[in-house]
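Below: the structure, in structure tokens.
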Amino acid sequence: MRTLVSLLVMAALSLMAVGCVSRQLPRIPANLTAEAASPVITAASLTEWEAGRAGLEQAFIDSVFGAMPASTPADIRGHELIDATAFDGQGVIEEYTLSLAGLETHLLLITPVAAAGPLPVIIMQTFCGNRAALGGREDVAGPVASELPDCGGWIGNHVVPVIFGEHITEPPIEQILARGYAIALIYAGDIVPDSPQLAAERLASLVPGEPSGAIAAWAWVYSRVVDVLDADPRFDPERSAVWGHSRNAKAAVLAAAFDPRIDLVIAHQAGTAGTALAHTGVGESIEVITTDYPHWFAPAFAGYADRRTELPVDMHELIALIAPRPVLIGGGWRDQWSDPQSSFRAAEGANPVYRLYGSQGLSQLGLDDFDPAADIVVAMRPGLHGVHGEDWDNFLAFLDAHLVTH
């Protein structure tokens with residue numbers, strides 16, 4: 001979630017531009033050009049693709065995201081039962097105190113009482129902290145929402161949900177529990193704050209001597225949660241999903257691309273440096289995103305602002321690094337800033353790799369042909385940037401199609 005002022009401006013401009021996203025997709029060119037909508041992956045075999053993985057990952061590190069912290073497992077410093085009869089008896093809330101590379105944060109686990117284990121689990125990063133995700137419960141560890149930008153207070157509690165949806169800070173927990181999923185909530189801002197100055201200090205300590213960005217660190221936080229869940233027999237290590245919206249969606253895609261333990265990705269409105277192709281120049285540009293959020297990326301990424309077609313990688317390759325695991329790309333019909341058209345083309349661009357693994361990948365023919373059973377899907381709904389009930393209906397249909405055992 002961007003700062004409130006910039007988001008309000010964006011929302012106002014979007015409201016004036018009815019039907020921003022066209023249902024007509026740009027054609028697929030044979031090769032990448034300055035106007036290309038879908039670069040082509042040319043790996044001829046699975047062996048060739050696997051052999052090139054390390055080099056492709058390094059290219060993303062060097063040119064877009066920067067280095068991730070070392071894969072030191074999470075250190076559990078405390079574990080507390082918060083509520084054994086939460087959500088009218090549907091769920092149990094537990095809280096873990098974690099040390100991630102010496103930095104403290106809290107992992108909130110919510111498990112459905114009625115479901116038999118081992119449980120599928122959705123790992124979610126929150127914008128306003130775990131307290132806000134549970135409606136402001138004071139028995140849950142901070143941060144306090146009012147201490148964070150755009151969170152808490154009258155604006156955070158009333159204006160932000162109206163603009164960005166009723167689930168922008170609070171997921172529909174009871175609905176998720178009723179479907180048999182456990183939920184793991186964490187606030188990655190405890191590790192690297194979404195602030196240029198504070199992020200630079202933290203990144204320098206987490207990744208000493210190497211260029212890095214906050215998105216890489218937030219992706220690393222997803223993997224550290226996987227450490228905890230995989231060590232707990234209550235959770236199924238073959239059914240772990242990462243969920244993220246906006247900047248957290250960028251981190252979710254990156255986490256899954258680099259961590260094969262993640263089994264499914266829901267990347268909602270990830271946009272530039274998430275699921276949208278940078279080469280097209282549509283939506284949020286490299287220049288704008290690196291000017292507004294320089295701490296999100298490796299410094300090298302800003303160097304491609306006026307030469308985007310020279311960027312050595314693009315997001316179809318990041319999606320391809322997840323293959324053959326399922327990926328949902330969410331979008332809004334009036335959210336041109338996130339450029340759902342080129343996210344669709346990026347998904348198509350990843351198809352050759354999915355097919356190397358025996359998966360069809362993206363099978364839908366257009367943005368509005370949602371098929372939750374496909375391994376790559378694009379799920380659109382009316383409106384702007386945000387998280388709404390209709391989004392969660394799509395997310396859960398996708399999760400059920402891939403993670404529910406029969």
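If you line up the long axis of helix 196-206 against the longest principal axis of the chain, both from Cα atoms, how many degrees apart are they, to the nearest 10?
For helix 196-206, the angle is close to 80 degrees.
Among Gly55, Ala199, Ile266, which residue has its Cα positioned farthest towards the positive end of the charge dipole of the chain, with +1 placed on the Cβ of Lys and Arg, -1 on the Cβ of Asp and Glu, and the dipole taken about the Cα centre?
Farthest towards the positive end: Gly55.
Using the 10 angstrom Cβ neighbour count as an exposure proxy, how do Thr280, Thr72 rank, fewest first?
Ranked by crowding around the Cβ, least crowded first: Thr72, Thr280.
Springs between alpha-carbon atoms under 10 Å, Gaussian network over the chain: tell me which of Ser363, Ser45, Ser246 tops the mean-square fluctuations.
Ser45
If you stretched the chain out fully between Leu365 and Glu138, how much longer would it get, using 0.36 nm times the residue separation minus the C-alpha to C-alpha distance?
Full-extension gain reported as 77.0 nm.
Kindly express, to the nearest 10 degrees and within the range 0 to 90, the angle between helix 340-356's C-alpha long axis and the longest C-alpha principal axis of the chain.
Compared with the principal axis, the helix lies near 90 degrees.
Please give me, ordered by residue number, the trypsin sites (Lys or Arg not before Pro) of the stretch 281-336 that lie in loop per DSSP and have at most 16 other Cβ atoms within 10 Å.
Passing both the DSSP loop test and the Cβ count: Arg307.
Starting from the amide H of Thr272, placed 1.01 Å from N in the peptide plane, find each other amide H under 5 Å away whose residue is 5 or more places distant or on another chain.
The answer is Glu284.
Roughly what would the spin-label model give for Leu198 and Asp393, points 7 Å off Cα along C-beta, in nm?
Modelled inter-label distance: 3.7 nm.
Suppose we keep just the DSSP beta bridges with both residues in the stretch 4-403; what percent of those would be antiparallel, to 5? Don't skip to the end; give the middle numbers.
Numbers: 23 of 50 bridges.
Rounded to the nearest five, the antiparallel share is 45 percent.
Based on other C-beta atoms within 10 Å, arrange Thr272, Thr169 from fewest to most. Spell out each step's value before the answer.
Working: Thr272 25, Thr169 28.
Fewest-to-most Cβ neighbours within 10 Å comes out as Thr272, Thr169.
For Ile262, Ile322, which order do you get if you count the other beta carbons within 10 Å of each Cβ and list the fewest first? Kindly include the intermediate steps, with their values, before the conclusion.
Values: Ile262 21, Ile322 26.
The fewest-first ordering by Cβ neighbours comes to Ile262, Ile322.
Compute the helix-to-body angle for 46-60: its Cα long axis versus the longest principal axis of the chain, expressed 0 to 90° and rounded to tens.
That helix lies at roughly 80 degrees to the long axis.
No lab work stands behind these numbers, since they all come straight from the coordinates. These figures come from a predicted structure and were not determined experimentally. Because the Cβ atoms are built from the backbone with ideal geometry, glycine has one as well, and the counts that use them run over all protein chains shown.
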